[in-house]
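K.L.:
Take this structure, written in structure tokens, and hold onto it; I'll ask about it next.
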Amino acid sequence: MYNPQIDTFICVADAGSFNKAAEEPYITPTAAIKQINLLEESVGIKLFEQTHRD
């Protein structure tokens with residue numbers, strides 16, 4: 001089953017930031033953060049240390 005949250009996770013991990021990761025799939029950084037937050041909730045672990053230095 002396709003999960004867009006996994007695609008966003010891979011983009012964020014590769015890019016190193018939510019802003020940069022949001023450019024490729026043409027979503028906003030806020031949408032990327034929300035997708036990661038939902039993924040973290042569903043798997044029950046924190047996947048990224050989120051900072052404000054982008």
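K.L.:
When you scan region 29-54, how many residues do you find that are open to solvent by 80 Å² or more (accessible area, probe 1.4 Å) and either polar (S, T, N, Q) or assigned to a loop (DSSP other than H, G, I, E, B) (or both)?
P.N.:
The total comes to 9.
K.L.:
Inside region 1-28, can you point out the residues that are part of a loop (DSSP other than H, G, I, E, B) and of a type outside the set (Asp, Glu)?
P.N.:
Initial filter on region 1-28 (part of a loop (DSSP other than H, G, I, E, B)): 1-3, 16-17, 24-28.
If the condition is that a residue be part of a loop (DSSP other than H, G, I, E, B) and of a type outside the set (Asp, Glu), then 1, 2, 3, 16, 17, 25, 26, 27, 28 are the ones that fit.
K.L.:
Something else: Given the conditions (1) in contact (Cβ under 8 Å) with a residue 12 or more places away in the chain; (2) of a type outside the set (Asp, Glu); (3) surrounded by 15 or more Cβ atoms within 10 Å (Cβ to Cβ), which single one is not true for residue 4?
P.N.:
All conditions pass for residue 4, except number (3).
K.L.:
Scanning region 14-28 for residues that are among the small types (Gly, Ala, Ser) and without any contact (Cβ under 8 Å) to a residue 24 or more places away in the chain, which turns out surrounded by the most Cβ atoms within 10 Å (Cβ to Cβ)?
P.N.:
So, considering only residues that are among the small types (Gly, Ala, Ser) and without any contact (Cβ under 8 Å) to a residue 24 or more places away in the chain, the one surrounded by the most Cβ atoms within 10 Å (Cβ to Cβ) is 21.
The values are calculated or read from the model by the stated rules, or taken from the named source; none is laboratory data. No experiment lies behind these values; they were computed from the predicted model shown. Glycine gets a Cβ as well: all are built from the backbone with ideal geometry, and neighbour counts include every protein chain shown. Calculation scope for accessible area: heavy atoms of the full protein, side chains included, ligands and nucleic acids excluded. Shrake-Rupley method; radii C 1.70, N 1.55, O 1.52, S 1.80 Å.
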